[in-house]
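Asks: Questions regarding the structure given below will be posed in turn.
The values are calculated or read from the model by the stated rules, or taken from the named source; none is laboratory data. If you're wondering where the values come from, they're calculated on a predicted model, not measured in any experiment. Glycine gets a Cβ as well: all are built from the backbone with ideal geometry, and neighbour counts include every protein chain shown.
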Amino acid sequence: MKKTLLALLLACSMPAAAAGPSADLRLYALDCGRLAFEDLGQFSDTFEYDGHSRTMQASCFLIRHPRGVLLWDAGLGDRLAAMRDGRRARILGSDVTMTVPVTLASQLASIGLDFDGVDYFAFSHGHADHLGNAPALTRATWIVNRAELDWLRRTPAPERTHPALSEGALRVGTVTIERDHDVFGDGSVRILSAPGHTPGHQVLLVRLPHSGPVLLSGDLYHTRDNRAERRMPVFNVDRADTLASIDRIERIVARLGARVLIQHSREDFQTLPALPGYLD
């Protein structure tokens, strides 16, 4: 009798992932800007990139699920689209030119949505290139990592964070999370804790019915070679935590056979279907 009761309790506590991905799940890749760094030196603390330049992608992703629409990261912000030559800034010891070739609003329109049609907003972390369009998401429920929110409130740095987070999180509906989070309750879209880049950094696992599992990396990696060589940006808040997160996420990727999309890699972004196309 005790064994039967224990088996029943364990069965009831099993994650909903066992049900498999929804047949109607879709993943759209959105071009949310470019960052042209004149010196990449800050992206490795072992000096591989000193004096090298590179343009990085700012990617956003939209997930359509039968239970709602999730936007993952919000890019540089549509306001930059009006600046023909982009915006130049000094970030992390390098001159950077930020440009937005196409607005997020117009990309959402191409798939029949607008900002008000986004039900949930979650983000890998609170750096400004991931929160640029956050102020427009006034009707969405924000899914906010508590450690990230606490860190951002302690560290007011406009070039690295966005005030919309602390302001917006008080204005709109908010779900505060501390570890992993199953967005729709069926295991198909999971936020996975991956601290180190920032205290509350996280990645997104989307288990698509036909394309299979896809891992959106946030800033766990910035380039393909950073992933291959386990290189560490000098501005990560905790080196040991980052390496532990890499170990955990790579084990998940290997176990599931997941495709990793490095969100700042232009090469990875260019492998994805152009709108209104999607992965399913």
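Asks: Just one of (1) exposed (fewer than 14 other Cβ atoms within 10 Å of the Cβ); (2) at pLDDT 90 or above; (3) part of a loop (DSSP other than H, G, I, E, B) trips up Pro156, so point out which.
Replies: Looking at each condition in turn, Pro156 falls short on (2).
Asks: So for the stretch 3-12 (the condition being modelled with pLDDT of 95 or more and charged (D, E, K, R)), does at least one residue qualify?
Replies: No, the stretch 3-12 contains no residue that is modelled with pLDDT of 95 or more and charged (D, E, K, R).
Asks: Return the only residue of Ala228, Ala254, Ala244, Ala274 being of a type outside the set (Asp, Glu) and closer than 23 Å to Arg64 by Cα.
Replies: Ala274
Asks: Do you know which residues across the stretch 213-236 are exposed (fewer than 15 other Cβ atoms within 10 Å of the Cβ) and touching a Pro at 6+ places or on another chain (Cβ under 9 Å)?
Replies: Within the stretch 213-236, none qualify.
Asks: In the stretch 257-280, which residues are over 18 Å from Arg34 (Cα atoms) and in contact with a Lys or Arg (Cβ under 8 Å, 6 or more places away or on another chain)?
Replies: Result: Val260, Tyr278, Leu279, Asp280.
Asks: Just to be sure I understand the filter: pairs with C-beta atoms under 6 Å, separated by 6 or more residues or on different chains, first member in the stretch 26-43 and within 24 Å of Ala82 (Cα to Cα), second member among the acidic types (Asp, Glu) and surrounded by fewer than 21 Cβ atoms within 10 Å (Cβ to Cβ). Which pairs pass?
Replies: So the pair list comes out as Glu38/Asp95.
Asks: Would the stretch 122-140 turn up any residue that is basic (Lys, Arg), touching a Phe, Trp or Tyr at 6+ places or on another chain (Cβ under 8 Å), at pLDDT below 95 and more than 22 Å from Ser59 (Cβ to Cβ)?
Replies: yes
Asks: For a quick check of your reading of the model, give me the residue pairs whose first member lies in the stretch 91-102 and is under 20 Å from Gln42 (Cα atoms), whose second is aliphatic (A, V, I, L, M) and assigned to a strand (DSSP E or B), with beta-carbon atoms closer than 7 Å and at least 6 apart or on different chains.
Replies: Qualifying pairs under 7 Å: Val96/Leu35; Val96/Ala36; Val96/Ala89; Thr97/Ala36; Met98/Leu35; Met98/Ala89.
Asks: Okay, moving on. Condition first: farther than 22 Å from Leu40 by Cα, modelled with pLDDT of 95 or more and among the acidic types (Asp, Glu). Can you find one or more residues in the stretch 256-267 that meet it?
Replies: No: zero hits.
Asks: Considering each of Arg207, Arg251 in turn, give the residue that is modelled with pLDDT of 95 or more and surrounded by fewer than 14 Cβ atoms within 10 Å (Cβ to Cβ).
Replies: Exactly one of Arg207, Arg251 is modelled with pLDDT of 95 or more and surrounded by fewer than 14 Cβ atoms within 10 Å (Cβ to Cβ), namely Arg251.
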